[in-house]
Amino acid sequence: MSDKPLRVGLAGLGTVGAGLVKLLADNAELVSRRANRPIVITAVSARDRTRDRGVDLSGFGWEDNAVDLAARDDVDTVVELIGGADGPALALARSALGAGKGFVTANKAMLAHHGMELAALAESTNAPLKFEAAVAGGIPVIKGMRDGLSGNRVQAVYGILNGTCNFILTAMERDGKPFADVLKEAQALGYAEADPTFDIDGIDAAHKLSILSSLAFGTKINFKGVSTCGIRSVAPADIDYASVLGYRIRLIGMARQEDGGLFQRVHPCLVPVNHPLAHVTDSLNAVVAEGNYVGRLLFQGRGAGEGPTASAVAADLVDVARGEFGPAFAMPAGSLSDVPAADPASHVGRYYIRLTVVDRPGVLAELTAILRDLSVSVESLIQRGGAPDGAVYFVLTTHAGPQQAVTEALARISALDSVTTEPVMMHILDF
């Protein structure tokens, strides 16, 4: 074992940063043996020096400006746990990689927006860029995609990428409460932020999906090409109808190549009860990758939190200490293909639709006429009462068809005076 330590500068001392300090102290001997050298924190940076974080920071140097960590002579690798797509996090990344120092991050937003730039910069200075903690917390899905599947043509990658949304949906499923009530509970328990927009509107999952897509398909990150819809419109009625039909609702990020384009989508989906993702509950994450030789792989575990995320950061540091690193996105940045985004409208799939309509004769005929005219084939139909103001619900599922036809049909249906609220449409997971 080498007695030359890997010296780490840590930016960000929130929950995960403090967790990393604890992990490297508690497991110091084991980590050193696995890395073949000690891994030690030498300097830290955070906004408030006086805050009690439950860990001893007295032996570390302190930088008020996180970017200054990259210039320290006693720092070989920088760990960034600040967050944010731009600002100090991006400045620190550029400084560290530009100086040829290793850079380990949990920042999916920064990678989704600037990953290609940072990967090219890392290659130009032969510096490691590692980000296992950026997707699915403690689950080693980045290493699995980048290394374990390197001999496969990946046909699809999809999964539950946001623990907050999964907690909310499974709590609604368990307790029968509306979305707004469960969101408040999630915030009180610390599963959701005070401003939960990034989580519940699907943006966080879209950041992660764009990173997984690059690794899976050898393409440049295209976050803007992710079709994104969150879970605000999911109601207890949808949970109940999904159950009757043999499904559970999950927010699913999915990517695959279609007709020369890259199809990326984050939407609430009806998942068949016999699919593994239907049984991923509470705040767990899960990713499915399908390779042409290995078949279906399932990665499942804690997707966030102090311990799991610190564990992923530590794993990256061990790789850096060993000198085990290559191109950040599995192949040189210049080799990643620039595949256009596939048009979501042309995607062929099956759909769940919930309509709220006035209870009067002739309404069903109006609805089915529109679906017929646009060649939307109905697979099943349920009509029940219980909607607000004496209205009734029409819930239907479709046979496989282009999304454009369903979208146009719903636009026409929305204009009917018999329809009292905006239709709800969700995808059905078919594989």
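The values are calculated or read from the model by the stated rules, or taken from the named source; none is laboratory data. This is a predicted model, so every value here is computed, not measured. Note that each Cβ is placed from the backbone with ideal geometry, even for glycine, and that neighbours are counted across all protein chains shown.
When Phe179 is tested against (1) over 21 Å from Val8 (Cα atoms); (2) touching a residue at least 12 places away in the same chain (Cβ under 8 Å); (3) within 19 Å of the chain's Cα centre (by Cα), just one condition goes unmet, and that condition is (3). The residues on offer are Arg350, Arg372, Arg384, and the sole one that is free of Cβ contacts under 8 Å to residues at least 12 places away in the same chain, surrounded by fewer than 18 Cβ atoms within 10 Å (Cβ to Cβ) and closer than 17 Å to Tyr241 by Cβ is Arg384. Filter the range 64-83 down to residues that are small (Gly, Ala, Ser) and modelled with pLDDT of 95 or more and give me whichever is farthest from Pro5 (Cα to Cα). Looking at residues that are small (Gly, Ala, Ser) and modelled with pLDDT of 95 or more, I get Ala66. Of the residues making up the range 410-421, those that are in contact (Cβ under 8 Å) with a residue 60 or more places away in the chain and either buried (at least 19 other Cβ atoms within 10 Å of the Cβ) or within 33 Å of the chain's Cα centre (by Cα) (or both) number 2. What residue, among those in the range 1-23 that are under 15 Å from Gly102 (Cβ atoms) and buried (at least 20 other Cβ atoms within 10 Å of the Cβ), is farthest from the chain's Cα centre (by Cα)? Here the residue is Leu6. In the range 302-347, of all residues being closer than 30 Å to His399 by Cα and not hydroxyl-bearing (Ser, Thr, Tyr), the one that is surrounded by the most Cβ atoms within 10 Å (Cβ to Cβ) corresponds to Ala342.
The selection criterion, being under 19 Å from the mean Cα position of the chain (by Cα) and not in a strand (DSSP E or B), holds for Glu193.
Go through the range 394-431 and give me each residue that's of a type in the set (Asp, Glu) and in a strand (DSSP E or B).
Here is the first cut: in the range 394-431, the residues of a type in the set (Asp, Glu) are 408, 417, 422, 430.
Answer for the range 394-431, where residues must be of a type in the set (Asp, Glu) and in a strand (DSSP E or B): there is none.
For the condition assigned to a helix (DSSP H, G or I) and either hydroxyl-bearing (Ser, Thr, Tyr) or on the phi > 0 side of the Ramachandran plot (or both), what is the one hit in Ser233, Ser227, Ser243? It would help to see each step written out before you state the result.
On the way: Ser233 fails: assigned to a helix (DSSP H, G or I); Ser227 fails: assigned to a helix (DSSP H, G or I).
So the residue among Ser233, Ser227, Ser243 that is assigned to a helix (DSSP H, G or I) and either hydroxyl-bearing (Ser, Thr, Tyr) or on the phi > 0 side of the Ramachandran plot (or both) is Ser243.
Looking across the range 88-109, the residues that are farther than 17 Å from Gly14 by Cα and not in a helix (DSSP H, G or I) come down to Ala99, Gly100, Lys101, Gly102, Phe103.
Let's see how each residue does on (1) closer than 15 Å to Ser213 by Cα; (2) buried (at least 23 other Cβ atoms within 10 Å of the Cβ):
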site: Gly246; (1), (2): no, no
site: Arg250; (1), (2): no, yes
site: Gly260; (1), (2): yes, no
site: Leu270; (1), (2): no, yes
site: His275; (1), (2): no, no
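Screening Ala46 on (1) touching a Gly at 6+ places or on another chain (Cβ under 8 Å); (2) buried (at least 18 other Cβ atoms within 10 Å of the Cβ); (3) in contact (Cβ under 8 Å) with a residue 60 or more places away in the chain shows it passes everything except condition (3).
The sole residue among Arg146, Arg174 that is over 18 Å from the mean Cα position of the chain (by Cα) and assigned to a helix (DSSP H, G or I) is Arg174.
Annotation: of all residues in the range 110-143 being in a helix (DSSP H, G or I) and in contact with a Pro (Cβ under 8 Å, 6 or more places away or on another chain), the one that is surrounded by the fewest Cβ atoms within 10 Å (Cβ to Cβ) is Glu123.
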